[in-house]
Structures are given as C-alpha cells and as structure tokens.
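What follows is a set of notes on a single structure, which appears directly below.
Where a number appears in this text, it was derived from the coordinates with a stated rule and is not lab data. Everything numeric here is computed off the predicted structure, so don't read it as measured data. Glycine also receives a Cβ, built like all others from the backbone with ideal geometry; neighbour counts cover every protein chain displayed.
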Amino acid sequence: MNDDKLNQKQIILKKLVNSGINITPFVLEMILNMENPNQNLELIIKETSFIPQFQSHLTPDILKKLSNQEIVKTMERNIIHSDILMKNEPDLEVKEKNKCQQTNKEEPSILFKSVKASAKPLPTSKLPQTSSINEKVSPKAMNSVRTYETTKSNSLFRPIAKDYDFDYKILKDPTGKLYTNGDYNDFYNLTLDKFTKLNKLMRKRSDVLSATNINNILRLSSSSEVSTIGLVKNFRQTKNENYFFEIEDLTGSINVLIRKDSENQENNKLFNHIVYDQMMYVQGTYNPGDNRNSGIIFADYITKIDIPTDYQPNTANLPLSIALISDTHIGSKEFEEKLFKKFIAFLNGKAGNANYRERASKIKYLVINGDLIDGIGVYPNQENDLDITDIYKQYDKATEFIAQIPEHIKVFYTAGNHEPVRNAIPRPAVPKKYCEALFDLGVVCLGNPSYIQTHEVNTLIYHGESIHDMIMLIHEFNINKPTEVMKEFLISRHLAPIFGEKTQIAPLDKDWLVIDKIPDIFHTGHIHINGFDRYRHVSLINSGCFQAQTDFMKSFGITPTPGIVPIIELDSLTFFPLDIQKLYN
C-alpha cells in the first residue's frame with residue numbers, strides 16, 4: 001500500500017473511531033477506492049444514524065439502505081460476486097475495547113420496517129473538518145467515543161448536533177447593568193428613553209416621514225393637513241360613538257378623533273387595540289379650535305410601529321434545532337416529574353421511534369425561559385403547594401435533571417418571576433450563589449428579557465409577565481391564545497407597553513423592553529399555555545409548562561398544557577410541537 005493510501009486509511013479509521021462504528025476490511029477497501037472517500041464517509045456516517053437496523057457495524061446490507069444513490073451504485077459494483085466473502089469476514093477493531101465483543105453478535109430484529117433515511121447529504125463546506133493527514137488513531141481517541149443507547153432497541157443514538165461546534169452570541173442581557181435609585185429622575189429617564197427609541201423605530205416607516213412635532217401643529221391658526229407621532233396619553237369612546245384619544249411627545253399633547261363612520265375601517269379596528277403608552281402615528285386634518293389647547297386632529301389614518309411586511313428572518317446553514325421550554329416549577333407538588341424525565345430521555349435518544357430520535361439528534365440548544373424552580377414565598381400560602389420547601393434544595397433537584405442533558409446541547413436559563421431575584425422587570429440572571437452547580441455544568445444564565453443568536457438565528461426570550469395586563473385591557477384577547485398578545489407586543493415594538501398596571505417595571509435610565517431588533521423567534525412562557533403562530537415571518541412561541549394546575553392557576557382561569565415542547569429547526573424555522581405524553585420509553 002502506498003503512503004497516500006495508508007494516510008487516507010488512517011484518516012478514515014479515525015473518523016470511524018470517533019463515530020463509534022465497526023467496519024469490515026472489504027467495506028473499508030471499497031470506501032478507499034471511491035472517488036472522494038472522505039466526503040462519502042461523512043455522508044455515510046450521517047445517514048446510517050437514521051437507519052434503525054444499523055447496530056454500529058458498517059456492512060454492504062446497511063449501505064444498500066442509504067438514500068444517496070451514487071454511493072449505493074458504487075457499492076453495488078464493488079460487491080458483485082463478493083457475498084460469500086462478506087458473510088465470514090471479521091470486523092476491524094476500530095471501536096473501543098469494551099465494544100469488541102459485540103462484533104460477532106447476531107444483528108437484532110428490525111423494530112421499524114418502513115423508516116426512510118431523512119437526512120439530506122450536506123455540501124462539502126458544511127461538513128465537519130477532518131483531522132490532519134498525518135494524525136494516527138490513538139487509544140485516547142478510541143476511549144473518547146460517547147454514545148447514547150435507547151431502551152426500546154439496541155441501536156445507538158448518534159446525534160447530528162454533536163458533529164458541530166456551538167455558535168452562539170448573547171446580543172442582549174440586562175444582568176449587571178441595572179442601576180436605579182427609584183426617584184423621579186429615574187422614572188423620567190425611563191419614559192424619555194422609551195419615547196426616543198420608539199420614535200426612532202416609527203420614523204423608519206416610509207409613510208411617516210412627513211410627521212412633525214406636536215408643538216408645531218398647536219401653533220397653526222387655520223385648518224391644515226398634518227401628521228405627528230406620540231405616546232397614547234388617554235383614550236375613550238364618545239357619546240356619539242366616535243373614538244377619541246390624546247397623544248403626547250416631548251413638546252406637548254394633542255387630541256385626536258376618529259369618526260365612527262370613517263372610510264378607513266382599519267382605524268376603528270386599531271382603536272380597539274389601543275392601550276396607554278403605545279407609540280402612534282396620526283395623519284389627518286387639524287382644527288385649531290378656539291384656543292391653542294382645544295385643537296383637535298380629525299384622523300384619516302393611524303398606525304403603530306409594527307414589523308415591516310417584507311421582513312425576512314435569518315436561518316442557519318446547518319441541520320440543527322433549538323428546543324424551548326419554561327415553567328417547570330421544580331419543587332412544586334404539581335411538578336410533572338415523569339413528563340420532565342421523559343423529555344430528558346428524549347434528548348438522549350431514549351424515547352420515541354426513529355423519527356423522534358432524528359428530531360432529538362438535531363437539537364443543539366435548549367432555552368429554559370424562567371420558573372425553572374417554584375421558589376419560596378412567591379404568592380400567598382405557597383408553602384402548602386411545595387414538595388421542596390428549601391430553595392437551595394429546589395436547585396439541587398433541578399441540577400440533577402439538567403446534568404442528564406447531553407453535553408452537545410447548550411442550555412440557556414433566564415430568570416422568571418419564581419426565581420430568587422427581584423420581581424420588577426427587567427430582571428437580572430439568578431445569582432450564582434443559588435445555582436452554582438448549573439454554572440459548573442456550563443448553563444448560560446441570563447436576565448429577563450434577553451436576546452441570543454444561535455447559528456445566525458435571533459431569539460428574543462421574555463418570560464411574559466405583561467401578557468396578563470394586555471388580556472385584561474384588550475377584550476379581544478384570550479389567555480388560551482397567548483400568541484395574539486405576542487403579536488401586539490411586536491406591533492407596539494414593546495414587551496410591556498402599559499406602565500403602571502400589575503406588571504412591575506423598574507425605573508431605569510434605559511428601557512430594556514423596547515423591541516428595537518426584530519427577532520426571528522419570539523419566545524415567552526409564564527401563562528403555562530402552549531401557543532405557536534407566525535406574524536410577518538417571525539415565529540411566536542409560548543412554551544407551556546411542566547406543572548399541573550394549581551389552585552393559584554384556577555384563580556386566574558388557567559388550564560395548563562404541560563409537557564408539550566416546541567422544537568424549531570434553525571435552518572428552516574419549521575416548528576414541531578413535541579407532545580411528551582405520546583412518547584414511549
């Protein structure tokens with residue numbers, strides 16, 4: 001054997017070792033004789049992970065089941081008249097020592113008779129980098145192979161996500177940046193920053209370029225066509241069933257009237273979704289009235305900031321997914337421990353059929369959007385609902401579960417209203433003293449709200465405290481349809497448009513709740529009810545919970561939907577709701 005072929009053989013053997021695969025000398029020789037052995041081997045390794053019959057032994061029978069027809073044809077040409085040779089030839093010892101005894105075992109029965117390999121061949125540029133050509137297979141490399149064995153079959157679970165490095169950025173996290181004295185100046189600065197940011201976003205719309213400040217309009221002495229931008233100060237319906245509201249900017253405030261018989265019926269619909277402190281654009285005819293302060297705009301057109309209709313979301317160029325959960329409430333008597341254990345089993349490829357294992361194999365990231373633990377003293381008489389009454393022990397229990405998540409999955413954990421941090425939003429990440437073991441596991445702890453980027457896909461993570469306020473103030477909204485409220489947040493470009501309701505908002509010099517960057521995925525929790533929708537190509541997800549109904553939930557009319565985990569493919573933003581109750585172990 002010449003040096004080039006020997007080096008090529010060493011590279012291929014190393015890849016097989018790292019993938020935990022046995023191979024016969026005949027198949028090894030066949031791969032070496034292919035036109036592009038490295039590329040073809042990468043494709044073979046990926047596709048065989050979805051063949052239920054594959055038991056870590058790469059044989060011609062397994063290769064026949066590949067979806068890549070070019071490889072299949074090459075293989076068929078090489079095995080003509082070689083069936084007898086293949087039946088008796090022993091496997092090469094390219095697996096770790098404790099697996100060698102399996103090489104002569106009989107192949108187990110086929111559990112899934114009609115499963116198609118669904119992994120698509122990847123372009124060469126997207127394949128994992130190969131080792132140096134002079135690098136040899138070492139005992140250390142052979143012992144580093146990590147596989148996860150399913151309980152329903154003896155097939156090995158080889159996650160695709162393990163083949164790729166983590167690629168994430170923290171785009172926004174309020175942790176360590178929240179300073180306030182709680183005095184008047186802090187409240188003023190918060191409102192000023194909110195107005196400035198929302199005004200800037202509104203002026204990106206091409207239809208509002210002519211807007212002027214309110215003081216310039218109030219100076220007019222005769223009827224004129226005008227347009228302006230401001231925050232909603234108050235609103236009501238008049239005796240004549242017209243719609244009246246007042247907006248203000250940094251120069252003053254002005255009254256606006258929408259006639260009930262307005263030709264633009266969209267104005268009337270929009271008025272029904274108005275809440276205090278939202279940014280509005282108004283266009284119409286200004287009537288100055290008897291004095292400067294009695295002037296009014298008879299509106300022809302009103303609008304909120306909104307998301308551009310032509311927004312195109314970012315996608316990854318790798319076949320990876322992100323799983324989204326929230327509100328596990330570990331420590332509560334109503335914590336659905338069995339469901340959560342089954343979810344962990346799913347992540348390890350130990351629950352569900354081959355299709356479920358395929359989905360699990362692509363998961364590279366997991367977001368826990370608040371309320372990981374139930375906390376202490378969050379609501380009156382909570383101690384009666386607790387199974388674990390010590391917050392440190394609640395985190396110990398949570399760590400037991402998180403430690404079972406495969407190492408190739410990066411976990412993000414944001415603070416909800418049950419975590420041991422302040423209740424007002426924005427809130428910082430949970431202090432390390434409570435969950436040091438999670439830090440040691442590599443969990444990324446973030447504040448609320450936070451903004452992350454995973455393989456170019458941007459996800460806005462917000463626990464969702466202000467959803468309740470919006471449902472109470474806008475009668476069309478329903479707690480069983482959380483994504484309708486999430487749409488309103490995007491339209492308003494703010495996570496808590498109303499100041500002064502039940503949602504506690506910290507007075508800071510910066511408004512962290514403005515949605516200044518359009519997300520590709522918008523993830524909330526808090527209300528324990530699953531929801532999925534899209535609005536102008538933004539994926540809206542409420543991730544439900546892992547807690548059965550408590551008396552406290554009943555008081556809010558909440559019927560939870562535990563154990564349904566949203567999974568989104570980062571390369572297509574395709575959504576899959578994993579109903580854990582339908583999985584088997």
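Applying 1/(1 + (r/R0)^6) with R0 = 56 Å to the Cβ-Cβ distance of ASN181 and ASP261, what FRET efficiency is obtained, to the nearest 0.05? Let's see the in-between values first.
Values: r = 50 Å, r/R0 = 0.90.
Result of the calculation: an efficiency of 0.65.
What is the packing order of peptides 536-546, 225-235, 203-213, 241-251, taking the mean over residues of other C-beta atoms within 10 Å and listing the highest first? Mind showing how you got there, number by number?
Working: 536-546: 24.6, 225-235: 19.3, 203-213: 13.0, 241-251: 17.2.
Ranked from most to least packed, the peptides come out as 536-546, 225-235, 241-251, 203-213.
So, in nm, how far is label LYS233 from label TYR311 when the simple model puts each one 7 Å beyond its Cα toward the Cβ?
Taking the two extended label points, one gets 3.0 nm.
Full extension from LEU473 to GLU407: what is 0.36 nm times the residue separation minus their Cα-Cα distance, to one decimal in nm? Walk me through the intermediate numbers first.
Values: separation 66, 0.36 × 66 = 23.76 nm, distance 4.42 nm.
Going from the current span to full extension adds 19.3 nm.
Just to confirm my numbers, what's the Cα centroid distance between region 532-552 and region 454-499 in Å?
Each part reduced to its Cα centre gives a spacing of 11 Å.
Taking the alpha-carbon centroid of each part, what is the distance from region 201-253 to region 265-301 in angstrom?
6 Å
Report the extension gain between GLU337 and ASP61 in nm, rounded to one decimal, defined as 0.36 nm multiplied by the number of residues separating them, less their alpha carbon distance. Let's see the in-between values first.
Numbers: separation 276, 0.36 × 276 = 99.36 nm, distance 4.16 nm.
Length gained, GLU337 through ASP61: 95.2 nm.
Going by a ≥ b ≥ c, the root eigenvalues of the Cα gyration tensor, does region 446-491 fall in the rounded group (a/c under 1.5), the prolate group (a/b larger than b/c) or the oblate group? Show your work: numbers first, answer last.
Details: a/c = 3.24, a/b = 2.14, b/c = 1.52.
Since a/c reaches 1.5 and a/b is larger than b/c, the shape of region 446-491 is classed as prolate.
Report the paramagnetic label zone for GLN549: residues of region 318-335 whose backbone N is under 15 Å from a point 7 Å from Cα along the Cα-to-Cβ axis.
Backbone N within reach: 334.
If I take R0 = 45 Å and measure r between the Cβ atoms of GLN504 and ASN240 in this structure, what FRET efficiency does the formula 1/(1 + (r/R0)^6) give, to the nearest 0.05? Each step should come with its number before you reach the end.
Numbers: r = 38 Å, r/R0 = 0.85.
Result of the calculation: an efficiency of 0.75.
For region 477-585, what class follows from the C-alpha gyration tensor (a ≥ b ≥ c being the square roots of its eigenvalues): rounded when a/c is under 1.5, otherwise prolate if a/b is larger than b/c, else oblate? Don't skip to the end; give the middle numbers.
On the way: a/c = 2.30, a/b = 1.24, b/c = 1.86.
Oblate, since a/c reaches 1.5 and b/c is not below a/b.
Taking a 18 Å limit on the Cα-Cα distance, which of the listed pairs LYS364/LYS410; LYS177/LYS200; LYS177/LYS510; LYS14/LYS64 fall beyond it?
Details: LYS364/LYS410 6 Å; LYS177/LYS200 23 Å; LYS177/LYS510 10 Å; LYS14/LYS64 23 Å.
Those over the limit are LYS177/LYS200; LYS14/LYS64.
From Cα pairs below 8 angstrom and at least 6 apart in sequence, can you work out the relative contact order of region 187-345, rounded to a whole percent?
Details: 239 pairs, mean separation 32.0, N = 159.
Here the relative contact order equals 20 percent.
Could you pull out the trypsin sites (Lys or Arg not before Pro) across region 426-504 that fall in loop regions by DSSP (anything but H, G, I, E, B) with no more than 14 other Cβ atoms inside 10 Å?
On the way: sites: LYS432, LYS433, LYS487, ARG493, LYS502; in loops: ARG493, LYS502.
Answer in residue order: LYS502.
Between beta-carbons, use under 12 Å as the cut-off and find the net charge around ASP390, counting Lys and Arg +1, Asp and Glu -1. Show your work: numbers first, answer last.
Values: positive: LYS393, LYS397; negative: ASP374, GLU383, ASP387, ASP396.
Residues near ASP390 contribute -2 overall.
Sticking with the crude label model, points 7 Å out along Cα→Cβ, report the distance from ASN353 to ASN268 in nm, one decimal please.
Taking the simple label geometry, ASN353 and ASN268 are separated by 5.2 nm.
Rounded, prolate or oblate: which fits region 271-352 when a ≥ b ≥ c are the square roots of the eigenvalues of the alpha-carbon gyration tensor, with rounded for a/c under 1.5 and prolate only if a/b beats b/c? Before the final figure, lay out each step's value.
Values: a/c = 6.71, a/b = 2.46, b/c = 2.72.
Oblate.
Would any residue of region 462-484 have its amide N under 13 Å from a label point 7 Å out along Cα→Cβ of THR559? List them or say none.
Counting only backbone N, you get 479-481.
From a point 7 Å beyond the Cα of ALA437 in the direction of its Cβ, which residues of region 323-342 have a backbone N at a distance under 14 Å?
330-331
Using a Förster distance of 35 Å, how high is the FRET efficiency between SER223 and LYS200, based on the Cβ-Cβ distance and rounded to 0.05? Before the final figure, lay out each step's value.
Numbers: r = 30 Å, r/R0 = 0.87.
Efficiency, rounded to the nearest 0.05: 0.70.
Go through region 275-290 residue by residue and turn each phi into a ³J(HN,Hα) via Karplus (6.51, -1.76, 1.60, θ = phi - 60°); whole Hz please, and just put x for glycine and proline.
These are the phi-based 3J(HN,Hα) values: 10, 4, 6, 7, 7, 10, 10, 10, 10, x, 9, 8, 10, x, x, 7 Hz.
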